[in-house]
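Asks: Handing you a structure now.
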Amino acid sequence: MTQVLAPERHTPPPAVGRSNDRLWHLAFGGLLAITLIAFTLWSFDFVGRDAPRMVLITTVIFGAFMAFNIGGNDVANAFGTSVGAGTLTMKQALLIAAVFEVSGALLAGGDVTDTIKSGIVDLSGVAINPMDFAFIMMAALLGAAVWLLVATRMGWPVSTTHAIIGGIIGASLTIGFVTGSGGLAMVQWSEVGQIAISWVLSPALGGLAAFVIYGVIKKYVLGKTLSHTLKPHMLAPVSAAEGSVDAQIDAATEDAPTDGGSIGTHSALQRWVPVIAAVGAVIITAMLLFKGLKNLDMSVSTVGGLLIMAMIGAAVWLAVFVFAKTLRKQTVPRATYILFSWMQVFTASAFAFSHGSNDIANAVGPFAAVLDVLRTNSISGEATVPFAAMLTCGIALIVGLWFIGRKVIATVGTNLTEIHPASGFAAELAAAGIVMAASVSGLPVSSTHILIGAIIGVGLVNRSANWKLMKPIALAWIITLPAAAAIGSVGVIALRTMMG
């Protein structure tokens, strides 16, 4: 009896083990060390020779540490579905992240950044001296980074935005109480309420979108592939964890007939997959235009943006249609796997670019704010972001993905539910669409929470969502802001005592 081979589990390999990995460790460790030394030497001239050297060096370390942990948690979260589905290896994900995350940060990260992230703390009416402001930003970086490191080591994908906001709140309130310059009124509590809303709204929207998108894919593509190409003897019993419809499709290769024996199946691929790809291309283009490239002065009108989206959608439809026709000699399951693998690579790359252009500000914003204080000895609402600072944080971000990102990748890519190229594509596309829609409408959402919700949505379609793991992750979301605030509070007192 012919039997479907169980799909290979693509759990990321251990961080240490093979000699090849040790070479990568040395290479990335050396790259980060060289980058930090070079940036520190450059920053001496940037801030001026009169600036306190210990404060500057500590700021560089804290900023890089924050970017390192963003890479280990946020970037790992973004690429978890691709690695978990087996579409990309860990090293391939690293290389793509290096190109698109850093490119997004450098090309569209913005020349200036708000010194107070999201306006969560109002210091405009508070008599605070510039160095205390610098200590607040440094402590916020430390508080957020330490909590992200803890969450990453536990394999919990959390919001870096909420972490840095928590760090700023804790450090600002502490300085306000210690100096008598402010109190609880400094915090915009309505904004904190918006964050609390996002704990529910973000995963709910992501889950709903993924449930619909993957449900359509499974009904009109995967379901037809299974029913038309896999004969009863090919559906031999497999383990419960590996018995989903899409798992069997991805697993079936040589035993499935080619197009000559699968009437209607290749035509189903040619009919539906190009349409799905075109819709995905339109959503990804919209996300890049309205979110990923929002800091560039592109001067694209709404009509112009719609035309660009329509042209790209049409081009992708045609390209995928032609590509699907070239796969007619492949088995239908193999053709399905190849098509969705390519589509998932594009969604992951676009998501990485958008992430790099936006979320890197969580490290660069407070970092640039301290550099600005040291350079001007004054507090400004916006701070210039030096290219060197953006590049340094970008490199630290990629290094963090390599060294500590595996546990979060395992959580996102394999542990919450079983991920394959089709389901991974659906989750990433759903997350991109919700992030874009929320950015345009101003809804309080978290891209991390949206993607986790999307993965759960995929799991609901397959009835394989791991709710047991979701409980500590949801708790970590709630704890993120107060945990970072507590660490930031202790950190600002220590910094002020040692360096003030």
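The values are calculated or read from the model by the stated rules, or taken from the named source; none is laboratory data. Remember, predicted model here, so these are calculated numbers, not experimental data. Positions of Cβ are backbone-derived with ideal geometry, glycine not excepted, and every protein chain shown enters the neighbour counts. Accessible surface is based on the protein model in full, side chains and every heavy atom, while ligands, DNA and RNA are left aside. Shrake-Rupley method; radii C 1.70, N 1.55, O 1.52, S 1.80 Å.
Asks: Return the residues of the range 174-198 that are part of a helix (DSSP H, G or I), open to solvent by less than 70 Å² (accessible area, probe 1.4 Å) and of a type outside the set (S, T, N, Q); say none if nothing qualifies.
Replies: Applying the first criterion (part of a helix (DSSP H, G or I)) to the range 174-198 yields 174-179, 184-186, 189-198.
With open to solvent by less than 70 Å² (accessible area, probe 1.4 Å) added as a condition, the list becomes 174-176, 179, 186, 192-193, 195-196, 198.
Those that are part of a helix (DSSP H, G or I), open to solvent by less than 70 Å² (accessible area, probe 1.4 Å) and of a type outside the set (S, T, N, Q): I175, G176, M186, V192, G193, I195, A196.
Asks: Kindly indicate whether K468 is in contact with a Lys or Arg (Cβ under 7 Å, 6 or more places away or on another chain) and either over 17 Å from S198 (Cα atoms) or touching a residue at least 60 places away in the same chain (Cβ under 8 Å) (or both). Please lay out each step first, then the result.
Replies: Numbers: in contact with a Lys or Arg (Cβ under 7 Å, 6 or more places away or on another chain): no; either over 17 Å from S198 (Cα atoms) or touching a residue at least 60 places away in the same chain (Cβ under 8 Å) (or both): yes.
No; evaluated as a whole, the condition is false for this residue.
Asks: Name the single residue that is modelled with the lowest pLDDT among those in the range 152-161 being open to solvent by less than 10 Å² (accessible area, probe 1.4 Å) and assigned to a helix (DSSP H, G or I).
Replies: Step one: of the range 152-161, the residues open to solvent by less than 10 Å² (accessible area, probe 1.4 Å) are 152, 155, 157-160.
From the residues that got through so far, the ones that are assigned to a helix (DSSP H, G or I) too are 152, 160.
Numbers: T152: 97, T160: 91.
Among those residues, the one meeting the criterion is T160.
Yes or no, residue by residue, for (1) open to solvent by 10 Å² or more (accessible area, probe 1.4 Å); (2) modelled with pLDDT of 95 or more; (3) not hydroxyl-bearing (S, T, Y):
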{"site": "D50", "(1), (2), (3)": "yes, no, yes"}
{"site": "T59", "(1), (2), (3)": "no, yes, no"}
{"site": "S82", "(1), (2), (3)": "no, no, no"}
{"site": "T89", "(1), (2), (3)": "yes, no, no"}
{"site": "L94", "(1), (2), (3)": "no, no, yes"}
{"site": "A98", "(1), (2), (3)": "yes, no, yes"}
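Asks: Quick one: which of V458, V435, V445 is surrounded by 24 or more Cβ atoms within 10 Å (Cβ to Cβ) and within 18 Å of M343 (Cα to Cα)?
Replies: Details: V435 fails: within 18 Å of M343 (Cα to Cα); V445 fails: within 18 Å of M343 (Cα to Cα).
Residue meeting the stated conditions: V458.
Asks: Still on this structure: I'd like to check something: does the range 401-413 contain any residue that is open to solvent by 10 Å² or more (accessible area, probe 1.4 Å) and within 26 Å of L41 (Cα to Cα)?
Replies: Checking the range 401-413: at least one residue is open to solvent by 10 Å² or more (accessible area, probe 1.4 Å) and within 26 Å of L41 (Cα to Cα).
Asks: Which of the residues that make up the range 353-387 are farther than 22 Å from A97 by Cβ and charged (D, E, K, R)?
Replies: Within the range 353-387, the first condition is being farther than 22 Å from A97 by Cβ, and the residues that meet it are 366, 368-384, 386.
The answer is D372, R375, E382.
Asks: Still on this structure: (1) under 30 Å from the mean Cα position of the chain (by Cα); (2) without any contact (Cβ under 8 Å) to a residue 40 or more places away in the chain: which one isn't true of F68, the others all being true?
Replies: (2)
Asks: Across the range 307-344, which residue is surrounded by the most Cβ atoms within 10 Å (Cβ to Cβ) among those that are more than 30 Å from the chain's Cα centre (by Cα) and in contact (Cβ under 8 Å) with a residue 12 or more places away in the chain? Quick ask: steps written out before the conclusion?
Replies: If we filter the range 307-344 for residues that are more than 30 Å from the chain's Cα centre (by Cα), which is where we start, we get 322, 325-332.
When the remaining residues are screened for being in contact (Cβ under 8 Å) with a residue 12 or more places away in the chain, the result is 325, 327-332.
Working: K325: 12, L327: 20, R328: 16, K329: 11, Q330: 19, T331: 23, V332: 28.
Ranking the qualifying residues of the range 307-344, first place goes to V332.
Asks: So, of the residues in the range 470-492 that are open to solvent by 40 Å² or more (accessible area, probe 1.4 Å), aliphatic (A, V, I, L, M) and touching a helix residue (DSSP H, G or I) at 6+ places or on another chain (Cβ under 9 Å), which turns out to be farthest from V158 (Cα to Cα)? First the steps, then the outcome.
Replies: From the range 470-492, those open to solvent by 40 Å² or more (accessible area, probe 1.4 Å) are 471-472, 475, 478-479, 482, 486-487, 490; that's our starting set.
Now restrict to residues that are aliphatic (A, V, I, L, M): 475, 478-479, 486-487, 490.
This time we only want the ones that are touching a helix residue (DSSP H, G or I) at 6+ places or on another chain (Cβ under 9 Å), so: 478-479, 486-487, 490.
Details: I478: 9, I479: 10, A486: 17, I487: 16, V490: 22 Å.
In this case the residue turns out to be V490.
Asks: Condition first: modelled with pLDDT under 90 and surrounded by 19 or more Cβ atoms within 10 Å (Cβ to Cβ). Now tell me which residues in the range 370-386 satisfy that.
Replies: Result: I379, A383, V385, P386.
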